Amino acid sequence: MNSSPFDLVTVGGGLGASALAISMARQGARVLVLEKELQFRDRVRGEALTPWGVAEAKKLGLAELLMKTCANQILGMDMGFGVRNIIETTPQKEPGFTYFHPEMQEALLAEAGRAGAQVRRGVVVVAVEPGANNGAVITRDTKEERIRARLVVGADGRGSAVRKWAGFTSHKSPQPFHFAGVLLTGVKERQDVMTYLFNADLGLVVGIVPLTKGRWRAYLGYSTENGLFLQGSEKLGAFLAESEKVAPSVAEAYADVESIGPLATFEGTESWIDHPYRDGVVLIGDAAGTSDPTFGQGMSITLRDVRVLRDALLEHSAWDTACHHFAREHDTYFHVTRKVCGWLRILFEDPSPEAQALRHRAMPRIAEDLSRVPDHLLSGPDMPADDAVRDRLFGEY
């Protein structure tokens, strides 16, 4: 007999936590969402769902809500080979979505409350006590409170404290890249096309992501070896100058821009938990694993996490069994994504002589046949990712 007052308690109230709270509360689960921020603020982070992520949003019953409240629909992708119609050329037959992150968070958290979840904001979580069918989250405001739940969900991002409190071992793969971003207006690009351009010889990547209300999130990936650290408004000129080195079209797009948000940089380090469940505590989203941010898979993986976990919890009365199932599934699709991103990083980002030699062989063949590039970024991690796919990408046959 479960005497806990809640079935689920989420630590965090962002995309993953809110999506899970909505999905489970709609099915009658007793859900509590604990979010430390009273108001979501703009920070540099992912703001796009590719078609496979939009398909996950549909399966969760969230796509229509996103479109009504905060999302911009993306019809095309430009990666330097012309604009690709992503609805016609992906198996999901879906567009992409982009959104201003704080608006997305507010929309989903409000929907969680309407679905029946309890939402508490301004709450500081100071500890998690694992325990199958009877874990606890400890908060501290004016006094300490211990909140018990059948399942504790760590959805507290890439710097997750829940990982540490629950005793998970984190693995890291440092990458010699930084990734910077800034919010702009005045970009001269189509509002329904995302642009990602690479200059591998310089180790530079530009991302231009149209949001709503005439806003754009501009990104720049750059090698740590060039001595730059693009942080703070005084570095905007350097950000734009480095971006314009990638292609002449970038200079045209940025000719009349203004900054309306922070310029910030974060590391390209990948981190993950093997089997992100133990003793009544499950991790989702960036708390469970972060792939190379250059390739924009984090939001879609988060919604896949939510959908797989939801389905497992609804299928199995024993939630311990359900969460172990989720963790096994997560490891599979996360590491497929990570592997393919690693191949693409070598081919399109890495300025080393070894990578240049690979490009010398591979790029002429890719120019003749774009299908050599695996389509996991748009079409998802269920696509093949074996040695034959890698060999074809690198022009080995």
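A few notes on this one:
Matching residues to (1) modelled with pLDDT of 95 or more; (2) surrounded by 22 or more Cβ atoms within 10 Å (Cβ to Cβ); (3) within 30 Å of residue 277 (Cβ to Cβ):
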{"residue": "175", "(1), (2), (3)": "no, yes, yes"}
{"residue": "189", "(1), (2), (3)": "yes, no, no"}
{"residue": "193", "(1), (2), (3)": "yes, no, no"}
{"residue": "227", "(1), (2), (3)": "no, no, no"}
{"residue": "255", "(1), (2), (3)": "yes, no, no"}
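- Test: residue in segment 213-229 that is on the phi > 0 side of the Ramachandran plot and of a type in the set (D, E, K, R): yes
- For segment 143-226, the strands (runs of 3 or more DSSP E) that sit wholly inside it and include 2 or more residues that are touching an Asp or Glu at 6+ places or on another chain (Cβ under 9 Å) and under 22 Å from residue 14 (Cα atoms) are 144-154, 177-185, 204-210, 215-223.
- Selection over segment 92-122 of residues that are in a strand (DSSP E or B) and among the aromatic types (Phe, Trp, Tyr) gives a count of 2.
- Of all residues in segment 346-380, those satisfying the criterion of being in a helix (DSSP H, G or I) and of a type in the set (Asp, Glu) are 354, 368.
- Beta carbons closer than 8 Å, at least 6 apart along the sequence or on distinct chains, pair a first residue in segment 234-252 that is acidic (Asp, Glu) with a second that is buried (at least 17 other Cβ atoms within 10 Å of the Cβ) and not in a helix (DSSP H, G or I) for 242/204; 242/220; 242/222; 242/228; 242/230; 244/254.
- Residue count, segment 293-331 (criterion: crowded, with 24+ Cβ neighbours inside 10 Å and charged (D, E, K, R)): 2
- Every residue from segment 1-44 that is buried (at least 21 other Cβ atoms within 10 Å of the Cβ), of a type in the set (A, V, I, L, M, F, W, C) and touching a helix residue (DSSP H, G or I) at 6+ places or on another chain (Cβ under 7 Å): 8, 11, 15, 19, 20, 21, 22, 24, 25, 31, 33
- Evaluation of residue 154 against (1) crowded, with 23+ Cβ neighbours inside 10 Å; (2) within 16 Å of residue 274 (Cα to Cα); (3) out of contact with any helix residue (DSSP H, G or I) (no Cβ under 6 Å at 6 or more places or on another chain) (one fails), failing number: (3)
- Hits in segment 36-53 - residues which are under 19 Å from the mean Cα position of the chain (by Cα) and not aromatic (Phe, Trp, Tyr): 41, 42, 43, 44, 45, 46, 47, 48, 49, 50, 51, 53
- Being crowded, with 23+ Cβ neighbours inside 10 Å and either at pLDDT 95 or above or not in a loop (DSSP other than H, G, I, E, B) (or both) is not true of residue 89.
Matching residues to (1) out of contact with any helix residue (DSSP H, G or I) (no Cβ under 6 Å at 6 or more places or on another chain); (2) closer than 27 Å to residue 76 by Cα:
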site: 174; (1), (2): yes, no
site: 200; (1), (2): no, yes
site: 207; (1), (2): yes, yes
site: 227; (1), (2): yes, no
site: 236; (1), (2): yes, no
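- Residue check, residue 76 surrounded by 17 or more Cβ atoms within 10 Å (Cβ to Cβ) and not assigned by TED's automatic domain parsing to the domain that holds residue 299: yes
- Pairs where the first residue, in segment 373-389, is under 17 Å from residue 88 (Cα atoms) and polar (S, T, N, Q) and the second is in a loop (DSSP other than H, G, I, E, B) and at pLDDT 95 or above, C-beta under 9 Å, 6+ apart: 379/50; 379/89; 379/90; 379/91; 379/92
The values are calculated or read from the model by the stated rules, or taken from the named source; none is laboratory data. Values in this document were obtained by computation on a predicted structure and should not be read as measured data. Because the Cβ atoms are built from the backbone with ideal geometry, glycine has one as well, and the counts that use them run over all protein chains shown.
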